[in-house]
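Only one structure is covered here, and it is reproduced in the block below.
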Amino acid sequence: MQIQLLKSKIHRVKITQAELHYVGSITIDEALMEAANIIENEKVQIVNINNGERLETYVIKGERDSGQICLNGPAARKAQVGDVIIIISYASMDFEEAKKYKPTIVFPDDQNKLI
């Protein structure tokens, strides 16, 4: 049996940019991606703490150490610059393997930088 569980989480980062006229996705600072074990094109869930919106999209690599968190395309309508979000990815695993798995969780500072 396969189950879905938390793989990675970037907890409480601020939206720095929103680009409505773009194909779609979320751009994330490469350093944050690396620290959270998230790769380019990976499916993620975005949870907006300010307004309760939840959405799924895929990741685009942003400039390393820039603090960039940009919602692109239709997702840009789900948040405003300055909103605080949580970025979550999940993985499918065998039930027994999942019992031992430890997710990667990153807690950036208020400038979206690694502490």
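The values are calculated or read from the model by the stated rules, or taken from the named source; none is laboratory data. Bear in mind that the values here come from a model prediction, so they are computed numbers and not experimental data. Counting neighbours? That spans all protein chains shown, and the Cβs are built from the backbone with ideal geometry, glycine included.
Points to keep in mind about this one:
- Reported count of residues in the stretch 50-70, each being under 20 Å from residue 114 (Cα atoms) and not small (Gly, Ala, Ser), is 9.
- The set of residues from the stretch 86-106 being in contact (Cβ under 8 Å) with a residue 12 or more places away in the chain and either in contact with a Pro (Cβ under 8 Å, 6 or more places away or on another chain) or exposed (fewer than 12 other Cβ atoms within 10 Å of the Cβ) (or both) comprises 92, 94, 95.
- For the stretch 15-35, the set of residues classified as of a type outside the set (Asp, Glu) and in a strand (DSSP E or B) consists of 17, 18, 25, 26, 27, 28, listed by residue number.
- Filtering the stretch 97-109 for residues that are of a type outside the set (Asp, Glu) and on the phi > 0 side of the Ramachandran plot leaves an empty set.
- Filter pass, residue 53 being acidic (Asp, Glu), more than 20 Å from residue 106 (Cβ to Cβ) and modelled with pLDDT of 95 or more: yes
- Residue-level check: of (1) under 18 Å from residue 110 (Cα atoms); (2) outside any strand (DSSP E or B); (3) touching a residue at least 40 places away in the same chain (Cβ under 8 Å), residue 12 misses just (2).
Residues checked against (1) crowded, with 19+ Cβ neighbours inside 10 Å; (2) in contact with a helix residue (DSSP H, G or I) (Cβ under 9 Å, 6 or more places away or on another chain); (3) of a type in the set (Ser, Thr, Tyr); (4) in a strand (DSSP E or B):
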residue	(1), (2), (3), (4)
40	no, yes, no, no
44	yes, no, no, yes
59	yes, yes, no, yes
71	yes, yes, no, yes
